[in-house]
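Enquirer: Below you'll find the structure I mean.
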Amino acid sequence: MNTHHSRTTEGRGRLFENVVDTIGNTPCIRINHLAPDHVRLYVKAEFFNPAASVKDRLAISIIEEAERRGDLKPGQTVVEASSGNTGIGLAMVCAAKGYPLVVIMADSFSIERRKLMRFLGAKVVLTPRTAKGFGMIQKAKELADANGWFLARQFETEDNAQVHENTTGREILADFAGQRLDYWVTGYGTGGTLSGVGRALRKERPETKIIVSEPEGAQLIGSGIPQERNAAHAPAASHSAFQPHPIQGWTTDFIPFVLQESIDRKYIDELVPVTGPAGIEWSRKLARQEGIFTGISGGASFAAAMQIAEKAAPESVILCMLPDTGERYLSSPLFEGIAEAMTEEETALSLSTPGFHMPPA
Ligand SMILES: Cc1ncc(COP(=O)(O)O)c(C=O)c1O
């Protein structure tokens, strides 16, 4: 490493009026050790958002657009079904703006997600995992109707893809202006990232190939089976290609309306199925070999990006989305095998010099 001068920083050149103004403008970071030598591979690190995931963008968009339209009244309760990151992003935004929040979440998602939402002042109502994502959504609608709450509708609202076109997409266009961008790689939950960035890339960078990863056991797009919907575009039934998978935040048991745009307008150039274990493996490798700390969905998107990288032409430039922080998975299989007590090797290190040994267990 070149160390001619010490690192200095300059500040951001502005003061922020509130936390929500810090959402977005996440960095694209080069992968130096894991990427094959013949390509340049970058990741867009969404854990730099204030509540540490890509869903902060969606949360501020839904709340501010609803305020603008008059759909959300001062002090009105907000309710949403979320596997975690949308709930955490909404909890941050609602705390900053003074709205009560109720999040509906299946009991299969990690404990730290519930605790984070409650820490940010939200209420969390659990639904049985057997009722899947479809059940979470119906429960959120039930509670909204019964109480006159504002339902955020992340899977249907136009404010989802729109914010990704206006922010995520524009950031990518700006950061890669005058440079190659051969492939952009993402997974999907609601499909907001994909449909929004898809619009921006198709308009401004039509040469960029859009690569979409989905769980190998739940290839909803890959199955080609259409989704049944009701008049409000919400799912009318669970999709038959769905199987439970460990990639939290990805592919729920229906094709969201927000994602449907990417299918209908053919934003997807290639689908790459990824297994849960591959997502976990690449998340761990990103942490250990790059110092980049992302969750299982980030690892799974990166697994797809590595497959693309291996077969890409020399000098290709690839950008892969990393949706959230690995810290959101401490109780999940991502951290299986990470010891709490000292390992044998660490104990041997402790005993190798005379001072400060731990008492035997
Ligand atoms: C961990 C994680 N990864 C990926 C995604 C996908 O993002 P999007 O909803 O924009 O498709 C989400 C959100 O659903 C998420 O929580």
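Enquirer: Please verify whether Val43 is at pLDDT 95 or above, closer than 24 Å to Thr251 by Cβ, assigned by TED's automatic domain parsing to the domain that holds Asn166 and in contact with a strand residue (DSSP E or B) (Cβ under 8 Å, 6 or more places away or on another chain), treating the condition exactly as stated. Show your work before the answer.
Expert: On the way: at pLDDT 95 or above: yes; closer than 24 Å to Thr251 by Cβ: yes; assigned by TED's automatic domain parsing to the domain that holds Asn166: yes; in contact with a strand residue (DSSP E or B) (Cβ under 8 Å, 6 or more places away or on another chain): yes.
Judged against the criteria, Val43 is a match.
Enquirer: If a residue has to be free of Cβ contacts under 8 Å to residues at least 60 places away in the same chain and buried (at least 22 other Cβ atoms within 10 Å of the Cβ) to count, how many in region 327-347 make the cut? Before the answer, list the steps.
Expert: Of all residues in region 327-347, those free of Cβ contacts under 8 Å to residues at least 60 places away in the same chain come to 334-347.
Then drop every residue that is not buried (at least 22 other Cβ atoms within 10 Å of the Cβ), which leaves 334.
Of the residues in that region, 1 qualify.
Enquirer: Looking only at region 257-280, count how many residues are touching an Asp or Glu at 6+ places or on another chain (Cβ under 7 Å) and under 24 Å from Met136 (Cα atoms). Show your work before the answer.
Expert: Within region 257-280, the first condition is being touching an Asp or Glu at 6+ places or on another chain (Cβ under 7 Å), and the residues that meet it are 257-258, 271, 273-275.
Within this subset, residues satisfying the condition of being under 24 Å from Met136 (Cα atoms) are 257-258.
Within region 257-280, residues that are touching an Asp or Glu at 6+ places or on another chain (Cβ under 7 Å) and under 24 Å from Met136 (Cα atoms) number 2.
Enquirer: Now, a different point. Mind telling me which of the residues Gly276, Gly249 ends up being within 16 Å of the ligand (Cβ to nearest atom) and buried (at least 23 other Cβ atoms within 10 Å of the Cβ)? If you could, list the steps in order and put the result at the bottom.
Expert: Values: Gly276 fails: buried (at least 23 other Cβ atoms within 10 Å of the Cβ).
Only one candidate passes the filter, namely Gly249.
Enquirer: Turning to a different aspect of this structure: Quick check on Lys115: is it outside the structural domain of Gly326 (by TED's automatic domain parsing), within 20 Å of the chain's Cα centre (by Cα) and without any contact (Cβ under 8 Å) to a residue 24 or more places away in the chain? It would help to see each step written out before you state the result.
Expert: Working: outside the structural domain of Gly326 (by TED's automatic domain parsing): yes; within 20 Å of the chain's Cα centre (by Cα): yes; without any contact (Cβ under 8 Å) to a residue 24 or more places away in the chain: yes.
So Lys115 passes the test.
Enquirer: Please state which one of Ser240, Ser283, Ser223, Ser297 is surrounded by 17 or more Cβ atoms within 10 Å (Cβ to Cβ), closer than 24 Å to Met136 by Cβ and among the hydroxyl-bearing types (Ser, Thr, Tyr). Spell out the reasoning first.
Expert: Values: Ser240 fails: surrounded by 17 or more Cβ atoms within 10 Å (Cβ to Cβ); Ser283 fails: closer than 24 Å to Met136 by Cβ; Ser223 fails: surrounded by 17 or more Cβ atoms within 10 Å (Cβ to Cβ).
One residue alone meets the criteria, Ser297.
Enquirer: Hey, could you check region 57-74 for residues that are touching a helix residue (DSSP H, G or I) at 6+ places or on another chain (Cβ under 6 Å) and aliphatic (A, V, I, L, M) and say which is farthest from the ligand (Cβ to nearest atom)?
Expert: Our first condition is that a residue be touching a helix residue (DSSP H, G or I) at 6+ places or on another chain (Cβ under 6 Å); within region 57-74, this holds for 57-63, 65, 72.
The next check asks that each one be aliphatic (A, V, I, L, M); those that pass are 58-60, 62-63, 72.
Details: Leu58: 7, Ala59: 11, Ile60: 14, Ile62: 12, Ile63: 16, Leu72: 21 Å.
Among those that are touching a helix residue (DSSP H, G or I) at 6+ places or on another chain (Cβ under 6 Å) and aliphatic (A, V, I, L, M), it is Leu72.
Enquirer: Right, here's the next one. Could you list, in sequence order, all residues of region 154-174 that are part of a helix (DSSP H, G or I), under 17 Å from the mean Cα position of the chain (by Cα) and polar (S, T, N, Q)?
Expert: Let us first name the residues in region 154-174 that are part of a helix (DSSP H, G or I), namely 158-174.
In the following step, the residues that additionally are under 17 Å from the mean Cα position of the chain (by Cα) were identified as 159-165, 167-169, 171-172.
Those that are part of a helix (DSSP H, G or I), under 17 Å from the mean Cα position of the chain (by Cα) and polar (S, T, N, Q): Asn160, Gln162, Thr167, Thr168.
Enquirer: Residues that are not hydrophobic (A, V, I, L, M, F, W, C): find the helices (runs of 4 or more DSSP H) completely inside region 186-279 holding 3 or more of those.
Expert: Numbers: elements: 192-204, 220-223, 257-264.
Hits in region 186-279: 192-204, 257-264.
Enquirer: Please specify each residue of region 211-236 satisfying the condition of being more than 15 Å from the ligand (Cβ to nearest atom) and farther than 23 Å from Glu158 by Cβ.
Expert: Hits for region 211-236 are Glu216, Gly217, Gln219, Gly222, Ser223, Gly224, Ile225.
Enquirer: Another question about this same structure. Within 16 Å of the ligand (Cβ to nearest atom) and hydrophobic (A, V, I, L, M, F, W, C): is that true of Ile31 in this structure?
Expert: Numbers: within 16 Å of the ligand (Cβ to nearest atom): no; hydrophobic (A, V, I, L, M, F, W, C): yes.
It is false that Ile31 is within 16 Å of the ligand (Cβ to nearest atom) and hydrophobic (A, V, I, L, M, F, W, C).
Enquirer: Looking only at helices (runs of 4 or more DSSP H) that lie completely in region 66-153, which have at least 3 residues being among the hydrophobic types (A, V, I, L, M, F, W, C) and closer than 25 Å to Ser240 by Cα? Steps first, please.
Expert: Working: elements: 85-97, 111-119, 132-147.
Ranges flagged: 132-147.
The values are calculated or read from the model by the stated rules, or taken from the named source; none is laboratory data. What you are looking at is a predicted structure, and each value in this text was computed from that prediction instead of being measured. With ideal geometry, Cβ positions are generated from the backbone for all residues, glycine too; neighbour counts draw on all protein chains shown.
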